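Colleague: Just passing along the structure, written as C-alpha cells.
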Amino acid sequence: MIPLSCVNCCHNPLQSDSLGTAFGFCTEHKRVLLAPSHLTCGRQLRKDLATRSARRESELHERRFTPQAPCRLSDGKIANGSQTTHQKADEARLASDPVGETVLEYGKLEKKIWSIAALRYVPGTRSELAMLSLGRAYTRRCVSRGGSWTSGVKLVWWSRRRLEEDPMIEATDLRGESPVPLARRVDLAKWSLIMMRLLFISDLGEYAGEADYRGHGNRIRRLSSLAERAAEATGDLSPRRLLQWVRREAAPQFDEALPADQYERLLTELRANARDEDGAD
C-alpha cells in the first residue's frame, strides 16, 4: 500500500492495505475510485496514523494536492474518467453489496451517523473496516468545526464491544496481489484491523483531552497513547500477540477510563450541551 493514496484514506471506507474491494469509493467527492492506489487529494485522512499525526500529515498533504477532486498521486493532476467515475450504473453495481450500499447512503440520510450505525448490523469484516474509517472521519469533522464529540463517544463505545474479538477474515475479504502466503496475509489483515480499533479509541482520548469537558477529558485522555503503546508492545505484527495485549492492557484501561455508568452520564451531558452533533453537512 502507498500511504499517501486513497487506499489509506478514511474517506474511502471500502479498502485498507490488504482488506476490501478491488475498487474504492470516496465519500467526500462521491466517486467510485477505479485506481485508488494511484489517486489522492488534499482531503486525505490517513487510516494508519493517530489523530495528531494524521492532522499534521493532512496539512502537509493539502499543500501538494487539491482538495477539490481526486487527482493523480504521480503528478497532482485531476484524475480522468479512466480512474474515477460517478456514473449511476457504477453506483448501482456498488449498491448490490451490503457494505457498498450503506457507504453510498453516507451523507444522503438526515444524519451521517445513521449510516455508520447501520454498518454495525452488516455482517463481515469489511463492514467493520467501513465503520471505523467513516467513524474516524466523521468524529474528526465534528470536532474540527467546533461541534460536540458526542457522536464520537457513541461510535467508540460500539468499537469497544468488538475490541477483544478476533477478526473473522475470509480469503475473499483480501484485496490485491501478493507473494506472501495466504495465512500470513490473513494475519496481517487481522493485525491491521485490530490496530484500527485502537487508533479510533486513541482519537477519542486525544479529542477528550483537548476539550476537557467538565473534567471528563483528563480521565479519557489516558487512552490517547493506546495505539502507540500497542504497536511498541507487538512489533512483529502478530495479531495473536496484539489481541493478547488488548485483552490484558487495552480493554481494562478503556473500562477504567470510560465505564458504562460514566459513559451514560457523559452522553447525557454532551447531548444537553451539543450545538450540532452532526456538523454542517
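The values are calculated or read from the model by the stated rules, or taken from the named source; none is laboratory data. No experiment lies behind these values; they were computed from the predicted model shown. Neighbour counts run over all protein chains shown; Cβ positions are idealised from the backbone, glycine included.
Colleague: Please find, among L134, L155, L104, L119, the residue that is in contact (Cβ under 8 Å) with a residue 12 or more places away in the chain, in a helix (DSSP H, G or I) and in contact with a Pro (Cβ under 6 Å, 6 or more places away or on another chain).
Modeller: L134
Colleague: Contact list please: Cβ distance under 6 Å, first residue in region 1-18 and on the phi < 0 side of the Ramachandran plot, second residue among the aromatic types (F, W, Y), pairs at least six apart or on different chains.
Modeller: From residues that are on the phi < 0 side of the Ramachandran plot, the pairs are L14/F25.
Colleague: State all residues of region 92-108 that are closer than 15 Å to N12 by Cβ and in contact with a helix residue (DSSP H, G or I) (Cβ under 7 Å, 6 or more places away or on another chain); if no residue qualifies, say none.
Modeller: Hits for region 92-108 are L94, V99, G100, T102, V103, L104, Y106.
Colleague: Sticking with this structure for a sec: Looking only at residues in region 21-47 that are touching a helix residue (DSSP H, G or I) at 6+ places or on another chain (Cβ under 6 Å), small (G, A, S) and under 20 Å from T172 (Cα atoms), which one is surrounded by the most Cβ atoms within 10 Å (Cβ to Cβ)?
Modeller: In this case the residue turns out to be G24.
Colleague: Only one of these is surrounded by 19 or more Cβ atoms within 10 Å (Cβ to Cβ) and not basic (K, R): A137, A171. Name it.
Modeller: On inspection, the qualifying residue turns out to be A137.
Colleague: Output the residue which, of all residues in region 44-74 that are in contact with a strand residue (DSSP E or B) (Cβ under 9 Å, 6 or more places away or on another chain) and over 14 Å from S5 (Cα atoms), is modelled with the lowest pLDDT.
Modeller: Among those that are in contact with a strand residue (DSSP E or B) (Cβ under 9 Å, 6 or more places away or on another chain) and over 14 Å from S5 (Cα atoms), it is S53.
Colleague: In region 223-244, which residue that is of a type in the set (S, T, N, Q) and outside any loop (DSSP other than H, G, I, E, B) is farthest from A257 (Cα to Cα)?
Modeller: Out of the qualifying residues, it is Q244.
Colleague: Any idea how many residues of region 101-121 are within 16 Å of the chain's Cα centre (by Cα) and either farther than 22 Å from R141 by Cα or β-branched (V, I, T) (or both)?
Modeller: Count: 4.
Colleague: Listed residues G100, G124; which is in contact with a Phe, Trp or Tyr (Cβ under 9 Å, 6 or more places away or on another chain), among the small types (G, A, S) and modelled with pLDDT of 90 or more?
Modeller: Criteria check complete, one pass: G100.
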